[in-house]
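Worksheet: one structure, shown below.
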Amino acid sequence: MEEKQIYNCLILGAGPSGYTAGIYAARASMSPVIYTGPQPGGQLTITTDVENYPGYPEGVQGPEMMEDFRKQAERFGTEVKYEVIEKVDFSGPVHKLWTTGGQEIHAHSVIISTGASARWLGLPSEERLMNKGVSACAVCDGFFFRGHEMVVVGGGDSAAEEAMYLSKISPKVHLLVRRDEMRASQIMQDRVKNAENIEIHWNTVIDEILGEEEVEAVRLLNRQTNEKTVLPVKAVFVAIGHVPNTQPFKGWIDMDALGYIVTKPGTTLTNVEGVFAAGDCQDRIYRQAITAAGSGAMAALDAERYLSEKGII
């Protein structure tokens with residue numbers, strides 16, 4: 001029986017962290033292979049203008065930036081495969097993984113950079129107006145709507161933080177909380193309630209986002225009275241949480257209560273030797289392209305050290 005090829009470095013996910021890991025790993029002669037997963041380019045492929053990533057003084061379209069990352073990774077020899085990993089076995093020194101097509105893959109080291117997906121409201125108008133005033137990241141996109149009234153949906157710390165950030169650039173921020181209380185920490189609740197230009201709408205959800213080519217208003221529904229009102233705004237920021245794309249690794253990799261991968265502080269090391277995690281699948285706080293890219297570089301360096309110590313490279 002023919003012996004199966006073992007990759008030195010297998011990278012799962014093709015967002016900023018995965019591609020950056022590929023660049024560093026390839027330059028370190030680790031012969032990395034990236035399995036892109038279902039969304040090559042990650043969350044940035046559904047983002048239009050990116051103005052806060054260094055090196056693009058005029059800004060750049062998210063998909064274009066991810067193409068630049070891919071080309072740079074491939075330039076140094078990273079192989080990119082447009083396939084999805086659905087199952088793993090991390091029980092032995094050689095890690096085993098399977099694609100959705102049933103192909104079995106072996107690797108000495110694995111970098112998990114599968115990212116996290118934003119939770120959405122599920123409205124057709126939300127999808128239609130994505131990147132036209134609908135966003136899941138105020139830090140990324142709030143700047144484009146400065147000077148206009150905006151809406152934040154959510155009642156947790158993330159929503160409170162988004163509202164506070166937007167309050168610095170918007171004359172009025174409307175925070176929609178579906179219950180009669182917030183889930184946010186007390187200190188964040190106090191900050192929001194004390195902000196002069198943040199109005200909290202209790203027991204309120206979005207019934208519809210209005211506008212043809214861009215967000216023009218939202219139709220609100222009060223869940224107690226069933227009253228509907230129209231609120232003119234230019235942007236809607238959905239802050240009801242993210243879901244880390246870590247399902248295939250459950251049972252093998254240590255995770256927190258929300259499913260984010262737990263890494264050793266100051267490193268990208270997981271509880272499994274030779275398996276590393278980078279980007280939004282292990283970062284529930286920052287979730288920025290630049291922090292993801294930085295952790296991708298860290299993961300490649302950690303993997304290089306591991307492979308060197310094992311005498312594999």
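A short reminder: the numbers here are calculations on the coordinates, not readings from a lab. All of these numbers come straight from a predicted model, not from anything done at the bench. Ideal geometry is used to build each Cβ from the backbone, glycine not excepted, and the neighbour counts take in all protein chains shown.
Using DSSP loop states and a limit of at most 11 other Cβ atoms within 10 Å to flag GluC sites (Glu not before Pro), what is the longest stretch of the chain containing no flagged site?
The answer is 59-180.
Taking 8 Å as the Cα distance limit and 6 or more residues as the minimum spacing, I'd like the relative contact order of the range 68-194 as a percentage.
Contact order relative to length: 14 percent.
Strictly greater than 27 Å: what percent of every Cα pair in the chain meets that?
47
Set the Förster distance to 35 Å, then compute FRET efficiency between V230 and Y286 from the Cβ-Cβ distance, nearest 0.05.
It comes out at approximately 0.50.
What are the ³J(HN,Hα) couplings of the range 127-136, residue after residue, when phi is run through the Karplus curve with 6.51, -1.76, 1.60 and θ = phi - 60°? Round to Hz, x for glycine and proline.
Result, ordered by residue: 5, 5, 9, 4, 6, 10, x, 9, 8, 10 Hz.
The range 92-152 to the range 263-280: how many Å between their Cα centroids?
Here the answer is 20 Å between Cα centres.
Ignoring everything except DSSP H segments at least 4 long, calculate the 222 nm mean residue ellipticity for the chain; use -39,500 (n - 2.57) per segment, divide by total residues, nearest 500.
It lands at -7500 deg cm²/dmol.
What do you get for the angle between helix 157-167 and the principal long axis of the chain? Use alpha-carbon atoms, 0 to 90 degrees, nearest ten.
Between helix and principal axis, roughly 60 degrees.
Go ahead and set up a Gaussian network model of the chain, Cα springs under 10 Å, then flag whichever of D89, D302, D49 fluctuates most.
Among D89, D302, D49, the largest mean-square fluctuation in the Gaussian network model of the chain belongs to D89.
With a cut-off of at most 11 other beta carbons within 10 Å, and DSSP calling the residue loop, which trypsin sites (Lys or Arg not before Pro) in the range 1-76 qualify? Please list them.
Those that pass, being in a loop and sparsely packed, are K4.
Any chance you could give the angle, 0 to 90 degrees and rounded to 10, that helix 16-27 forms with the longest Cα principal axis of the chain?
It is inclined by approximately 20 degrees.
Please list, or write none, the aspartates and glutamates whose alpha carbon is within less than 18 Å of the alpha carbon of K264, excluding same-chain residues fewer than 8 places away.
Counting by Cα, and skipping residues close in sequence, K264 has these aspartates and glutamates nearby: D254, D256, E273, D280, D283, D302, E304.
By average Cβ neighbour count within 10 Å, what is the ranking of 35-41, 7-13, 255-261, 234-240 from highest down?
Ranked by mean Cβ neighbours within 10 Å, highest first: 7-13, 234-240, 35-41, 255-261.
First check a/c for the range 120-238, with a ≥ b ≥ c the square roots of the eigenvalues of its C-alpha gyration tensor; if it is under 1.5, answer rounded, and if not, answer prolate when a/b is larger than b/c or oblate otherwise.
Taking the square roots of the gyration eigenvalues as a ≥ b ≥ c, the range 120-238 is oblate.
Suppose R0 equals 35 Å; then what is the FRET efficiency for Q247 and I312 from their Cβ-Cβ distance, rounded to the nearest 0.05?
The computed FRET efficiency comes out at 0.75.
Over the chain, with a Gaussian network built from C-alpha contacts below 10 Å, which listed residue (G133, G42, G22) shows the highest mean-square fluctuation?
Per the Cα network of the chain with a 10 Å cutoff, G133 tops the list.
Going by alpha carbons, how many degrees (0 to 90, nearest 10) lie between the helix axis of 62-75 and the longest principal axis of the chain?
10
Which cysteines does the chain leave without a neighbouring Cys Cβ under 4.7 Å?
By the Cβ distance rule, which asks for a partner under 4.7 Å, the isolated cysteines are C9, C281.
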